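Encoded as structure tokens, the structure appears first; notes follow it.
Since every read-out is calculated from the coordinates, none of them should be taken as a lab result. Worth saying up front: this structure is predicted, and the values here are computed from it rather than measured. Note that each Cβ is placed from the backbone with ideal geometry, even for glycine, and that neighbours are counted across all protein chains shown.
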Amino acid sequence: MTEVLSSGKLHALLLQELELEREIERRRLGNRLATYRPYRKQREFHAAGRTYRERLLKAGNQLGKTWSAAYETAMHLTGRYPDKWPGRVFERPVSGWAAGVTNEVTRDSLQLLLMGKWDNFGTGSIPRDAIKDWAKRSGVDDAVQTVIVRHGGGGDVQAGESILGIKSYEQGRDRFQAATLDFVWLDEEPELEIYMECLTRTNATGGIVYVTFTPLQGMSDTVKRFLIDKPPGTHVTTMTIHDAEHYTPEEREKIIASYPAHEREARVNGVPTLGSGRIFPVTRESIEVAPFALPEHWPRIGGLDFGWTHPSGAAELAWDQELDIVYVTKCTRQKEATPLMFAARVKPWGGDWMPWAWPADGLQRTQGNEGRALRDRYAEHGLNMLDKHATNAPEEGKEEGSGGNGVDAPLLEMLDRMQTGRFKVFSSCGDWFEEFLMYHRKDGKIVKIDDDTIDASRYAFMMLRHAATRPAPAKAINYRNRMLA
């Protein structure tokens, strides 16, 4: 016989159920670390920590860069790493810093993600039961200066206490000295002198420094260290709005449209505002296409940029003459590669039939090999090098080479094609796109750093009039044999 509950008993059961739901939610909020699931780009950033001491996660606004670093910081402090964690692991208590731009900004972003709200600490990335104690920062409302975290995630991880100091760049360089640390997390871009102090703090421990920022300060010294200087031990992960899995396509489009045009690349794709301007001020999406099989009747041409201390670069162009669209279909670069090594690297693109454009410095004589010019050495290794170095197309009725080898004219023509849909790049050309995003002028002059595959594509574009289709086997001409005859 079914028992009929009185209104009082029913009310009590409902209260118990409500209390149970509240407790479940309280426990969930008190251990957010257990449910952290990084996006693909965030996971790439974490994984780099196993190999690299210095990491940058360069991303647009509100894409999850600070979020991911907050959770990694919590893992290092607590020793609670998830199964199959790809990144750095500390199997003992650690000492570290987390720092932001100002005390107030640090409190409202970094501290909030680590600790939760002021009246509910333990609801951030550091679990509630791991926070043993904390000290308030004097002079700043609701700001924390130091956190003591219980370390011990089971297994072989040593139990103990980790210490986290929370700082801001406005405190100045002096406040970033003297300590010995296992890690430093810098949220938003610090001045290089502060960054180097933080790196120095981790030298004795072989520790790590990781930085998360949207590059709104242009080509600063800190950005330059990661994107141009690239000292050994550094790694860069770039996260665009298209990598942020919490947005729908419709939301992405609205967000992109909301930003001013001059800030859009930085805020959406994490691309720095560069000097007096990017040389190709178009989006990657507007020129990128998926690779496809090239029709045999499309002429092709290769371009070489000779290097040694900076990489040698190569690019292949294919020309759809019917629609007048030029495609960059292949690219590569290699540092300290001899002509023999680099020729072998690119020869499979077109065997010995595809013409290769090259710059004027290819006429320079090299030591050894009886002082042969670079052009001749590549030809001897099987590339069909054009007879003359790359020059712009001559005016009608004028002789070949009269167009000169000025840089601005082909770059403007390439940009014009990009803006009108007549210059496309295969998505597989990652090196080219990396250079494309950073290719810029300073004080009106092109910054000649990290432009190896772009220069190679420019030489090929300048000589596009000499592009050729693959000949029938019986008609193939080997330039090397022709030169030696």
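State whether the range 33-273 is rounded, prolate or oblate according to the following rule on the C-alpha gyration tensor (a ≥ b ≥ c being the square roots of its eigenvalues): a/c under 1.5 gives rounded; otherwise a/b larger than b/c gives prolate, and the remaining case gives oblate.
Numbers: a/c = 1.40, a/b = 1.31, b/c = 1.06.
Rounded is the answer for the range 33-273, as its axis ratio a/c remains below 1.5.
Restricting to the chain, what percent of DSSP beta bridges are antiparallel, rounded to 5? If we restrict to bridges inside the chain, about 50 percent are antiparallel. Computed packing ranks the peptides 428-435, 443-450, 58-65, 79-86 as 58-65, 428-435, 79-86, 443-450, most packed first, by mean other Cβ atoms within 10 Å. Overall shape: rounded for the range 286-484, with the ratio a/c of the largest to smallest alpha carbon gyration tensor axis below 1.5. Relative to the longest principal axis of the Cα atoms of the chain, the long axis of helix 7-29 makes an angle of roughly 40 degrees. Packing, taken as the mean count of other beta carbons within 10 Å per residue, orders the peptides 334-342, 185-193 from highest to lowest as 185-193, 334-342.
Remind me, relative contact order of the range 33-273 in percent, using alpha carbon pairs under 8 angstrom and six or more residues apart? Show your work: numbers first, answer last.
Working: 493 pairs, mean separation 66.7, N = 241.
Reported as a whole number, the value is 28 percent.
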